[in-house]
Every structure is written in structure tokens, then in C-alpha cells.
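Contents: one structure, followed by commentary.
The values are calculated or read from the model by the stated rules, or taken from the named source; none is laboratory data. From a predicted model like this one, the values you see are computed outputs, not experimental measurements. Please note: Cβ atoms are built from the backbone with ideal geometry, for glycine as well, and neighbour counts cover all protein chains shown.
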Amino acid sequence: MAVRYAVRERAHEDLLQDLLHARGVVGEPATAEFLQPDFERDSHDPFLLPDMAVAVERILFAIKNGELIAVWSDYDCDGVPGGVLLCEFLQSIGASVVHYIPDRHIDGFGLNIAGIAELAERGARLIITVDCGTTDVAQATFAREKKIDLIITDHHLPLVSENSFSPAAGRRGDASENNFSSTQNLPPAVAVVNPHRTDSIYPFTELCGAGVAWKLVQAILSKNRPEHFGEGQPFDYAQGKEKWLLDLVGIATLADMVPLVGENRMLASYGLRVLRRTRREGLCALLKLLRINQATLAEEDVTFMVAPRINAASRLEKAETAARFLSSTLSSEEGGESALKLNRINDERKGLVAAAMKHAHKQLRAREGVEDIIVIGSVDWRPGILGLIAQKLVEQEGKTVFVWGRGAGSSIKGSCRSGDGSNIVEIMRGAADLFDDFGGHDFAGGFSLGEDKVHQLYARLASSHAALVHTPAGEKETIVDRELELADAFSVHQEIQKLAPFGVGNAKPLFLFPNVSIGRARTFGKGDDHLELLLKKDNAQVAGVSFFKTPDSFQKTAREGTRADVVGHLELDWRGSPRLRIVDVL
């Protein structure tokens, strides 16, 4: 699809004010809040989250009575950090805790019967989920049968139906068995702590899973009731020590692609501050291995370097490898070994993704006509890499993408990403009878179905997508924030950094540098699959990079000696010097 770049009309001559205005930040109070995230001001009362009070009471009861608590987290770079932080906190205040992470390939997403049965055998009396569980009605019912109480902390969208169970009916001591809602179908749990519940009054809905788990920590601490924990327990957490867990919340918030506005902006900002000082030996060792300066760690280092390696563990091996890597109890030697192992797994993952993308492009070239959405797959593609393929195709094609592969046995697993603003879950809901299971949030999700139904997948999803949104084929328009001269790159970068951290909901500013000369073009990396350009104009020169691109990847071939308009984002390289992350050459 061709891309046309249009420079946005200026609202202010001042660059920073103009960029703030483009993000809907107008007026002095809003500007001050955006530019200076504040922990106290931006952190909402955790007890505004639904069921938070009863969740806290049940956890305090479990600790006081010596019950075994199982923290059941998802296996991705939201669930694993969230699970680690919750386990570490609960252990620090005297709880008996086990961290359970399902196998991505065998168990799939969320709660499962076999895992619950195993925890029952181990004596668990309470399960707390992180980043999963909202749609697991049958599994929650099984947990009740096993006399295990369930607290769900999650941020995924609830199922909606006419006659739905309310969690109040599943609470210990509640005599009501007929407490139903007409809006949402929630599992029979002691508590379902989820800002996306239709009855939630929490003022910010876009927390990631680890963010919701951290709000549970915050709620427990705000009770500040040492009598529940016995003598000698470190309840000085109540003095703000919980901020030191924000390194894990920051990783998850940046990795899970939630909007970096409101409370998330504060969590990401403070998370980066803590990461720059973290003593988690695995993280410190990985940053050294990747030649990332910990003192100047930026959001791109987390999203492009750290998070993929955490995710790689569950994609190819076991998520427990990533959980151990994040642990605060590792020695320096153990941290180094853990970092090396994650890096090796990630190298293997990159090879598998590269092969699958080559296969995907071959399939797309063989298709006739223009499709509004992409549905693509192969029985040879491992479920653990499907999300990566989907995201890469969204970035390349600008369309909503559904990718499938074969899981255990004959089961087909899938991952999907929105590339046109359409709601992924609503698209799948329009073909609900096709799936064994599906779920997610607005722009990302997953599904499973029988292999005999794969041939129906495109037609059903395309029909559902068309009923929700029509995305005309042809030219795509991308808005550029401003046209800049190359000589301004160094001075402008400091102003731009005031808007950081960048991510969904706060995109990094996009600039067009007109009529620059390409002084040098070279590929680099193990497979020569990255591109570096030396850009010159008048007396200024700036390095530019584009990962997984070649000189022919752009609308105009990036050859030495040619002049072109270059579109890209300003960033700092590993030495702290400004450079251009190239998006296109025109």
C-alpha cells in the first residue's frame, strides 16, 4: 500500500506547544500534568477498582491463617513481570506463595482445569490471577468445586451476555446464589478486579495486567494494618517502598502497548526511573550484554530489546525462565547466566520469525485482488511466534491481521492485531461460533478453533470486519508533525524528550527532513538485515538507522549520493548522540 505523507498544520510556532496541542494537551494545568508525571497526583485510589476491598480482605485472611497462595500469571511480558512483583510483595509480608505460569503451547491463555487441579493437590486455598481470568467462567467454577477461592486481577474485556453471574454470588459467606447482571458474564470468583468491568467507577481503564496487580499491592499497603502480619514484617512498604516494584510495572506497561496517558504515563515514567537504578541482577546483566547504558535507559530499550527477550522464553521454552531472570534474589553470577540464556532463546526466536515472514510474504504475493483484512497461516508456524508475525504484517501492510498456526494435536491457535483502528474482539465476536475460544482487548487478541474450520476463517472474519468498519484499499495517509532541517536535529531533540516516555497514545513525533543527501548507505547486524545511512545537508550530518530494512525497502531507493526527503523519528544512539530512526525515504 502506497503511503502519502502530509505535514500537520501548525497550531503553535513553538515546537513543544505544537506537539502538545496535537496530543490534545491544551492549557497550563494539562501541560504541567503531562510534562511532569507525579506519583501522588496521578495514582488513583485503588479501592475505586471493582471488588478491591474484598480482594484485600481475602488476602489478609489467607496470610493470617497460613494458607498457600498461588499467583497465576500469564506467560507474556505483562503477566510475568506482574506475577513476579506480586509474588515478591506477598512473600515480603509473610505470605506462603507459589508462582504458577501455564505453558503457552500446551495450556494456552488463562486459567485451565489441569493447572487448578494441580494447585489443589499442592494445597493452595487461594489463587490470584495476573493478566488473565476475566472470561474463564468454567475454570473458575471448577476452582470453586475444588474449594479454592479465586481473585482475578486482569485488564482484558469481559464477556457480555443477557444473564450473567456477578462475583458477589461466589464470595465466601454470601448466601445469594442468584445475583445476576444483564451486562457482563463474570466468573464466580471472590473478586474480579478489572477496570474494564462495565460497573467499574475507576477513573482510568487502560492499565496493563501488571498495573492492575500493582494496584492490588497499593491497596493492601494502604490498609497499613500490621496486626495481620505478626511482628517483624517489613510493613515500611507503607512509606512508599512499593515504588521499587515499578521497574516491573514499567516493563509491562511499555511492552503491553497500553496507551501512555494518564496513570500509565506516570507508571511508565517512574518505572524507567527505577529501572535506571534497579538491582535485579538479570536485568543489569542483560543491559550490559546488549550495550545499553542503564543510567540513560529509554522506552525503546525496553520495548525493542528487553521485552522481546522476556517474551521469547514462553514462545520457545518456559516462561519460568523469564520469571527467574526478573527475580530480585539472583546473585550476580546467576543473573549473568539468566541473561545469556534469554538472549540465546531470543536469537532462536528471530530465526523462526524470519522464516515465517518469508513464507507469509510468498502467500500474500500469490493472492489475487485487494483484501481489507489479512488472514494467513500455516500448520508449520509455532503458536509462540504468531503474535510477532501479526504485528510485523500490521506494520508493513497497515491492515488488521489474523495469523494462525498449529498448536498441540489438531488444534489451531491464532493471534491478531488491529491495523485500522477496528476492535479485534468485536470482529471475532461476529464469528463467535467458529471459535473454541477467543479474547483480548481492543487492538490485540488471540483465538483457537478446530483445524476443520480454518477454511472458513477468512470469509467469516472479513464479513464481520466489513460490518464494523470499511477500510478502503489504496493510498494510506500518514501525518507528519513538522518539517525540520537536518541542522535542527540536535537542538530539537531535548525539547522532544520532555514528551517522553513515548508509546501508544503518545506517539513519538514524526518529522520530514527535506532534500537531504545520502552520504553513505551500509547494512549491519549478524545477517546484514539492518540499514544505516549518513544523512547530510549543508554543514550538518546525522546518522539514520532502520532495522530489518534494506536500501530498497522505501518508496525511493536509499543509494549513496542521491538526494531525497527522509521521514523519521529523532532518538539517541547508544552513545547518547541524536540520530534518526528512518521510517521512509521519498
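Take residue 425 and tell me if it is assigned to a helix (DSSP H, G or I), at pLDDT below 90 and within 28 Å of residue 262 (Cα to Cα).
It is false that residue 425 is assigned to a helix (DSSP H, G or I), at pLDDT below 90 and within 28 Å of residue 262 (Cα to Cα).
If you take the residues of region 489-529 that are small (Gly, Ala, Ser), in contact (Cβ under 8 Å) with a residue 60 or more places away in the chain and in contact with a strand residue (DSSP E or B) (Cβ under 9 Å, 6 or more places away or on another chain), which of them is nearest to residue 540 (Cα to Cα)?
Only one residue fits best here, namely 489.
Test each condition in (1) crowded, with 24+ Cβ neighbours inside 10 Å; (2) closer than 22 Å to residue 96 by Cβ; (3) in contact (Cβ under 8 Å) with a residue 60 or more places away in the chain for residue 124 and report the one that comes out false.
(3)
Can residue 144 be described as in contact with a Leu (Cβ under 9 Å, 6 or more places away or on another chain) and either part of a loop (DSSP other than H, G, I, E, B) or outside the structural domain of residue 415 (by TED's automatic domain parsing) (or both)?
Yes.
Which of the following residues is closer than 20 Å to residue 448 by Cβ, buried (at least 18 other Cβ atoms within 10 Å of the Cβ), aromatic (Phe, Trp, Tyr) and modelled with pLDDT under 95: 34, 109?
Every option except 109 fails the conditions.
Answer yes or no as to whether residue 253 is polar (S, T, N, Q), within 30 Å of residue 22 (Cα to Cα), modelled with pLDDT of 95 or more and not in a helix (DSSP H, G or I).
no
Might you let me know whether region 45-66 holds any residue that is of a type in the set (Gly, Ala, Ser) and either within 21 Å of residue 269 (Cβ to Cβ) or modelled with pLDDT under 95 (or both)?
No, every residue in region 45-66 fails to be of a type in the set (Gly, Ala, Ser) and either within 21 Å of residue 269 (Cβ to Cβ) or modelled with pLDDT under 95 (or both).
Just for region 369-386: of the residues that are of a type outside the set (A, V, I, L, M, F, W, C) and over 16 Å from residue 399 (Cβ atoms), which one is surrounded by the fewest Cβ atoms within 10 Å (Cβ to Cβ)?
380
Could you go through region 463-478 and let me know if any residue there is farther than 24 Å from residue 6 by Cα, out of contact with any Gly (no Cβ under 8 Å at 6 or more places or on another chain), of a type in the set (A, V, I, L, M, F, W, C) and touching a residue at least 60 places away in the same chain (Cβ under 8 Å).
yes
Which strands (runs of 3 or more DSSP E) does region 476-551 wholly contain that include 1 or more residues that are over 27 Å from the mean Cα position of the chain (by Cα)?
511-524, 530-537, 540-546
Answer yes if at least one residue in region 100-121 is in a helix (DSSP H, G or I), touching a residue at least 40 places away in the same chain (Cβ under 8 Å) and touching a Phe, Trp or Tyr at 6+ places or on another chain (Cβ under 7 Å), and no otherwise.
Checked region 100-121: at least one residue is in a helix (DSSP H, G or I), touching a residue at least 40 places away in the same chain (Cβ under 8 Å) and touching a Phe, Trp or Tyr at 6+ places or on another chain (Cβ under 7 Å).
If you check 367, 315, 349, which single one turns out to be of a type in the set (D, E, K, R) and touching a residue at least 60 places away in the same chain (Cβ under 8 Å)?
Residue meeting the stated conditions: 315.
Name the pairs whose Cβ atoms lie under 6 Å apart, with the first residue in region 41-58 and in a loop (DSSP other than H, G, I, E, B), the second aliphatic (A, V, I, L, M), and 6 or more positions between them or separate chains?
Once the first residue is in a loop (DSSP other than H, G, I, E, B) and sits in region 41-58, its partners that are aliphatic (A, V, I, L, M) give 49/193; 51/191; 51/192; 51/193.
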